[in-house]
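Here is the structure we will look at.
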Amino acid sequence: MKILHVITSMRTGGAEKLVCDMLPLMRDQGHQVELAVFDGTPGHLLESVRQHGITVHIFGYGLKSIYNPQHINKLKSTIGGVNIVHSHNTSAQLFTALAAPAGTTLVTTEHNTDNRRRHLRLLRPLDIRLYRRYKAIACCSEAVASSLLNYLGPEFADRTSVIENGIDLSTYSAAASGTPAASNETDILMVAAFRPQKDHLTALRALSLLPSETTLSFAGEGSTRPQIEAEVRRLGLEKRVRFLGPVSNVAERLQAAGIALLSTHYEGLSLSSIEAMASGTPLVASDVSGVREVCGGAALLFPEGDAEALAAILADLLKDPALRRQTADRCRKRAARFDIRTTTQAYLDLYTRLLQAPEIVR
């Protein structure tokens, strides 16, 4: 098969990491795989894709490029001769639907339980027309599928299925089998892009309630970072908070941390939670859809936005090594079910079914 994935950028995030890990595996099975990126700003994920010999089509640079309608014409010329076109994220979904000729086999992945456009009623008719262009809609969790169908309506049930995201578990096994990282038991690490979906503010407010030797490291980049930096200054936490920026050695960073944290408002299926659990580091996370299902009782969850509850859980972990070990062991066992190879094969099977019998989408 010739497969084209279309995505807004390859900066940071769950969709970006999924594409980075999945495309080389598809190529290794003998398929011709290419990637179209609206914002080609360099980063370790994009470089990793290129290092695997995958053709990358860059349509522009910078965040504004993500919404540039000129990409529609660029997609039209890129789609020619492709068997499967697979889009990720909002503008990629829209522009792909507009660019693809009639009869093109389109697949999209829904990565979240919510987004801003679902709260604008005038956009719902447009979304319905958009999703009708796709022969298959893959949702990364049951919660994502349920929320999407509640929004679009039952007519989309036959073309909607659940394919859980996965990670390269061997990366974490390899890191664990090497020289153990020097763990800083009082350092809390949160790996998450700085965007409105993520709740960095609650993490900061919880830190302010913990002993002064406790530190918090943020790995990631994004639009809300200036707001978070301002809150660090307001709370007087400059000496206790580190901004690491985008990191390529996530497994090593997680294993060196005392506690992994994900404070978030909503998720589709949280890859960062899976990565944290696979690292053997105890995970504390927001009790929201897309996290709750992933963690399956392994991680310690706190009510969304509740800094005091988060601080209490973190304090218990910091003073109780046995609790840290028990939580880490549960997390590691839970993560074993989320293998990127299983995810990749599920998508390839879906593509094959669509091409063999296009009217069957499940």
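The values are calculated or read from the model by the stated rules, or taken from the named source; none is laboratory data. Not measured: the values here are computed from a predicted model. Cβ atoms come from the backbone with ideal geometry, glycine included; neighbour counts cover every protein chain shown. When the accessible area is computed, the model is the full protein with side chains, heavy atoms only, and any ligands, DNA or RNA have been set aside. Shrake-Rupley method; radii C 1.70, N 1.55, O 1.52, S 1.80 Å.
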Exercise for the section: State whether one or more residues within the stretch 262-278 are open to solvent by 10 Å² or more (accessible area, probe 1.4 Å), over 25 Å from residue 87 (Cα atoms) and either touching a helix residue (DSSP H, G or I) at 6+ places or on another chain (Cβ under 7 Å) or modelled with pLDDT under 90 (or both). Expected result: yes
Practice task
Tell me, please, whether a residue that is open to solvent by 20 Å² or more (accessible area, probe 1.4 Å), under 30 Å from residue 279 (Cα atoms), within 20 Å of the chain's Cα centre (by Cα) and not β-branched (Val, Ile, Thr) can be found in the stretch 132-141.
Solution key: no
Practice task
Specify the residue that is modelled with the lowest pLDDT; the eligible residues are those in the stretch 232-248 that are open to solvent by less than 100 Å² (accessible area, probe 1.4 Å) and within 17 Å of residue 220 (Cβ to Cβ).
Solution key: 248
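Pick from 294, 288, 284, 361: which is hydrophobic (A, V, I, L, M, F, W, C), at pLDDT 95 or above and crowded, with 16+ Cβ neighbours inside 10 Å? Show your work before the answer.
Numbers: 294 fails: at pLDDT 95 or above; 288 fails: at pLDDT 95 or above; 361 fails: at pLDDT 95 or above.
Unique residue meeting the criteria: 284.
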Completion exercise
For the stretch 204-215, pairs from a residue that is of a type in the set (Val, Ile, Thr) to a residue that is assigned to a loop (DSSP other than H, G, I, E, B), with Cβ under 6 Å and 6 or more apart or across chains, are 215/240
Practice task
Give me a count of the residues in the stretch 293-336 that are touching a residue at least 60 places away in the same chain (Cβ under 8 Å) and closer than 21 Å to residue 169 by Cβ.
Solution key: 4
Practice task
All but one of (1) at pLDDT below 95; (2) within 29 Å of residue 47 (Cβ to Cβ); (3) of a type in the set (S, T, N, Q) hold for residue 186, so report the exception by its number.
Solution key: (2)
Practice task
Starting from the stretch 161-172, keep only residues that are in contact (Cβ under 8 Å) with a residue 24 or more places away in the chain, then list their pairs with residues that are of a type in the set (S, T, N, Q) and open to solvent by 30 Å² or more (accessible area, probe 1.4 Å) whose Cβ atoms are within a distance under 7 Å, requiring at least 6 positions of separation or different chains.
Solution key: 166/342
Practice task
Scan the stretch 162-179 and give yes if some residue there is more than 28 Å from residue 48 (Cα to Cα) and open to solvent by less than 40 Å² (accessible area, probe 1.4 Å), otherwise no.
Solution key: no
Practice task
Tell me which of these residue 144 doesn't satisfy, since it passes every other one: (1) surrounded by 15 or more Cβ atoms within 10 Å (Cβ to Cβ); (2) more than 16 Å from the chain's Cα centre (by Cα); (3) of a type in the set (A, V, I, L, M, F, W, C).
Solution key: (2)
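Under the condition of being open to solvent by less than 20 Å² (accessible area, probe 1.4 Å) and polar (S, T, N, Q), which residue from the stretch 198-221 is farthest from residue 112 (Cα to Cα)?
It comes out as 214.
In the stretch 69-111, what residues are touching a residue at least 60 places away in the same chain (Cβ under 8 Å), farther than 24 Å from residue 353 by Cα and not hydroxyl-bearing (Ser, Thr, Tyr)? Lay out the reasoning, then the answer.
Here is the first cut: in the stretch 69-111, the residues touching a residue at least 60 places away in the same chain (Cβ under 8 Å) are 75, 78-79, 81-92, 95-96, 105, 107, 109-111.
Now restrict to residues that are farther than 24 Å from residue 353 by Cα: 75, 90-91, 95.
Within the stretch 69-111, 75, 95 meet the criteria.
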Fill in the blank from the handout: Here the residues within the stretch 111-128 that are open to solvent by 10 Å² or more (accessible area, probe 1.4 Å) and touching a helix residue (DSSP H, G or I) at 6+ places or on another chain (Cβ under 8 Å) are 111, 112, 113, 114, 115, 117, 118, 123, 124, 128
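Might you check whether a residue that is over 18 Å from residue 346 (Cα atoms) and not in a helix (DSSP H, G or I) occurs anywhere in the stretch 120-131? Break it down into steps so the answer makes sense when it comes.
Going through the stretch 120-131, the residues over 18 Å from residue 346 (Cα atoms) turn out to be 120-131.
Checking which are not in a helix (DSSP H, G or I) leaves us with 120.
Yes; the residues of the stretch 120-131 include at least one that is over 18 Å from residue 346 (Cα atoms) and not in a helix (DSSP H, G or I).
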